[in-house]
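Taking it in order: structure first as structure tokens, then the write-up.
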Amino acid sequence: MAEEKKHYMTEEGLKKLEEELEYLKTSRRQEVVERIKIARGFGDLSENSEYDAAKDEQAFVEGRINQVETMIRNAEIIEDDGSNDEVSLGKSVKFQELPNGDEEVYTIVGSAESDPLEGKISNDSPMAQSLLGRKIGDEVSVSTPGGEIKVKIKEINS
């Protein structure tokens, strides 16, 4: 059997997944079951769009439960090594676009808790891949959807 992928995350990210799993298993699953019961009452199931939609939603919820359980089972908690010398998983990195662009700050997290709008990028993203292992002062070419940009690392924080 193939080894399952590790899901890197912070303690906070693991806690959020555990809360989501609890919600899905207790509340959400019951809501969908109720929708299916109500839709069955509408008669012929072969032409019952409410029933079809509820069954599709049930499949989605069960799929998400399986996905979250797998992520929790294969969770690898990001440990802070206490060093801010090098960009690594769990670190925030401040960089400036060169030659004289804006400064930006991103925290590199596992894919399970990435949220670019919150400044959290996945360690699998091209940007994170370009930054990982680099040090303060390094100039790095970063692949973005708009093309390659050059950045200079200004700060690394836990």
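Here is how the numbers come out for the structure above:
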{"read-out": "Ellipticity estimate at 222 nm from DSSP helix runs (n ≥ 4, -39,500 (n - 2.57)) divided over the chain, nearest 500", "value": "-11500 deg cm²/dmol"}
{"read-out": "When each of Lys5/Lys135; Lys25/Lys120; Lys16/Lys154; Lys15/Lys94 is checked by Cα-Cα distance, pairs over 29 Å", "value": "Lys16/Lys154"}
{"read-out": "Sparse-neighbourhood loop sites, GluC sites (Glu not before Pro) in the range 71-153 - DSSP loop, at most 14 other Cβ within 10 angstrom", "value": "Glu79"}
{"read-out": "Solvent-accessible area per residue, Å², over the chain with all protein chains present [probe radius 1.4 Å]", "value": "62"}
{"read-out": "Among Pro116, Pro126, Pro99: highest mean-square fluctuation, GNM of the chain, C-alpha pairs under 10 Å", "value": "Pro99"}
{"read-out": "Distribution of pairwise C-alpha distances over the chain, 5 Å bins, in %", "value": "2, 9, 14, 15, 13, 10, 9, 8, 7, 5, 4, 3, 1, 0"}
{"read-out": "Two-site label geometry, Ser83 and Ala59: point separation in nm, points 7 Å out along Cα→Cβ", "value": "4.9"}
{"read-out": "HN-Hα J in Hz across the range 125-133 - Karplus 6.51, -1.76, 1.60, θ = phi - 60°, x for Gly and Pro", "value": "5, x, 5, 4, 4, 5, 8, 4, x"}
{"read-out": "Column: log10 I(q)/I(0), Debye, Cα scatterers of the range 116-158, q = 0.29, 0.30 Å⁻¹", "value": "-1.23, -1.25"}
{"read-out": "Selection from Gly101, Pro116, Asn84, by position along the positive dipole direction of the range 72-116 (Cβ)", "value": "Pro116"}
{"read-out": "For q = 0.23 Å⁻¹, Debye-computed log10 I/I(0) when each Cα of the range 69-131 counts as one equal scatterer", "value": "-1.03"}
{"read-out": "Kyte-Doolittle mean at least 1.0, axial Cα span of 20 Å or more - DSSP H helices of the chain", "value": "none"}
{"read-out": "Student exercise, the chain dipole from Lys, Arg, Asp, Glu Cβ charges, in Debye to nearest 20", "value": "100"}
{"read-out": "Protein accessible area in the range 99-158, 1.4 Å probe - carbon and sulfur %", "value": "46"}
{"read-out": "Value of relative contact order over the range 116-158, rounded to a whole percent, pairs C-alpha under 8 Å and six or more apart", "value": "29"}
{"read-out": "Dimensionless Rg/Rh of the range 28-95 - Kirkwood Rh, Rg from C-alpha atoms", "value": "1.38"}
{"read-out": "Stretch gain in nm, segment Ser158-Glu47, where the contour uses 0.36 nm per residue and the Cα spacing is subtracted", "value": "34.3 nm"}
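The values are calculated or read from the model by the stated rules, or taken from the named source; none is laboratory data. Just so you know, these numbers come straight off a predicted model, no measurement behind them. Because the Cβ atoms are built from the backbone with ideal geometry, glycine has one as well, and the counts that use them run over all protein chains shown. Remember, those area values only see protein heavy atoms, side chains included, never the ligands or the DNA or RNA. Shrake-Rupley method; radii C 1.70, N 1.55, O 1.52, S 1.80 Å.
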